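Asker: I'd like to ask you about the structure that follows.
The values are calculated or read from the model by the stated rules, or taken from the named source; none is laboratory data. Since this is a predicted model, take the numbers as computed values, not measurements. Cβ atoms come from the backbone with ideal geometry, glycine included; neighbour counts cover every protein chain shown.
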Amino acid sequence: MAEFTYRAISKSGKEIKGKIESDNIEKAKVELKGRDLYLTEIGEATMLEKDININIGQKISTRDLCLFCRQFVSLQRAGVTIIETLKMLAEATENKFFSKTLTNVCKSVEMGESFADSLANEEVFPVIMIKMTNAGEASGSLDVAYERLAVQFERQAKLKGLIKKASIYPTMVCIVAVVVVIIMLKFVVPSFMGMFEDMDVEMPKITLAVMAASNFVQKFWFVLILGIVVVVFAFKWFKSTPRGEGILAKIALKLPLLGPLTIKSASANLARTLSTMVAAGISLVEAVDITAGTMTNYYFKEALINAKDAIIAGVPLSTPLKECGLFPPMVYHMTRIGEESGNMEEMLGKLADYYEEEVEIATASMMAALEPLIIIVLAAIVGTIVGAVLAPMMTMYEGLDSL
């Protein structure tokens, strides 16, 4: 949307200066006229006149969307108009970015655009929400569409929360482990090694290795920090490339603990998203295309893109889901039953319930397996450093015993 500056005269005769955002100058004039203002001057804002708005990847969380949909349904069923609903929810939300976004949507609706197009203009709402809104407006059942969306976002938020919870623990432990090792090498080890250097004791290889690591940390700690930063940014860059995305997706599928969780999570996402959109009357081709965009794993995304092409060619959805070799048998069997019975929505809903429960179980199993594994790794790292400190002392005691 463009930004315009204007001068106008109010009903009381007072001169007003201000700014307004609109698609074009004609729409801006209409909106200002609707505010009972007599325009004397209007033009597009220059770079110096525009408001500075720093937006670094601002997003609306799935939980915020879920709450919005729930409140939207309640207000709509109470007989409140869409415009009043949007105004009320814009004031009620604590997320300032979301509040501003809803205000912009409300302005677009007031100017005659459809609700779905107004959401699409903001470029922050998920495609499924825009398509469901469009379908709800066309069928006159916007409250039903948003009730289904609320369930969709609620389940998505729950699954994301479970997976995030499973990843936070090992990540934090690894960070703590790195910090502990650096502190030991920088402060603890040198205090002992200084004592051993004054003694005529032959150092074991493990002690020499730890001493070398300690000396490196002492002299080149900045290189270590720089190296960690470079590795983090290099990983992010590699992940953003098509080749990197494919390699990491393959690793995610092959790892013993992560692989089953990835497959079950993708299956739950597929079933829940398709069920929501099919129930709203969205075509299967469009629903599969949107679902492909929600997949986080590269291979599942590609499988659904290929499935969309197969559906266009007249092939049932269950066939490409089976042929790709990624989804469990239950997924394509239940899909086939839904296709044959003409009850895809119900079959996919049951499938989503099953795999969402499976994701919870898989997450709990992974956490149970990771905790002792991480403790063993930490014990090995700290034990190596402690052993390197104790080894010269044991050698010295053995030398004294032999005298």
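Asker: Residues to consider are L261, L226; find the one that is modelled with pLDDT of 85 or more and either farther than 30 Å from L185 by Cα or touching a Pro at 6+ places or on another chain (Cβ under 7 Å) (or both). Write out each step before concluding.
Answerer: Working: L226 fails: either farther than 30 Å from L185 by Cα or touching a Pro at 6+ places or on another chain (Cβ under 7 Å) (or both).
None of the other options fit; the residue is L261.
Asker: Under 8 Å between Cβ atoms, at least 6 apart or on separate chains: pull out the pairs that start in region 123-135 with a residue that is over 15 Å from G293 (Cα atoms) and end on any residue that is surrounded by 19 or more Cβ atoms within 10 Å (Cβ to Cβ) and polar (S, T, N, Q).
Answerer: M132/T276
Asker: Select from region 297-316 the residues that are surrounded by fewer than 20 Cβ atoms within 10 Å (Cβ to Cβ), in contact (Cβ under 8 Å) with a residue 12 or more places away in the chain and part of a loop (DSSP other than H, G, I, E, B) and list them in ascending order.
Answerer: Listed by number, the list holds a single entry, P316.
Asker: Which of the residues that make up region 79-103 are more than 17 Å from D64 (Cα to Cα) and among the polar types (S, T, N, Q)?
Answerer: T81
Asker: I'd like the residue in region 329-359 that is farther than 16 Å from A279 by Cα and exposed (fewer than 14 other Cβ atoms within 10 Å of the Cβ) and, out of all such residues, is modelled with the highest pLDDT.
Answerer: The selected residue is P329.
Asker: Okay, moving on. For region 66-84, enumerate the residues that are hydroxyl-bearing (S, T, Y) and either touching a strand residue (DSSP E or B) at 6+ places or on another chain (Cβ under 9 Å) or within 21 Å of T276 (Cβ to Cβ) (or both). Step through it out loud before you land on a result.
Answerer: So in region 66-84, the residues hydroxyl-bearing (S, T, Y) come out as 74, 81.
Correct list: S74 only.
Asker: Name every residue in region 317-360 that is under 17 Å from T291 (Cα atoms), among the aromatic types (F, W, Y) and part of a helix (DSSP H, G or I), in order of residue number.
Answerer: Across region 317-360, the qualifying residues are Y332, Y355.
Asker: While we're looking at this one, here's another question. Within region 267-274, can one find any residue that is at pLDDT 90 or above and more than 19 Å from L149 (Cβ to Cβ)?
Answerer: Yes; the residues of region 267-274 include at least one that is at pLDDT 90 or above and more than 19 Å from L149 (Cβ to Cβ).
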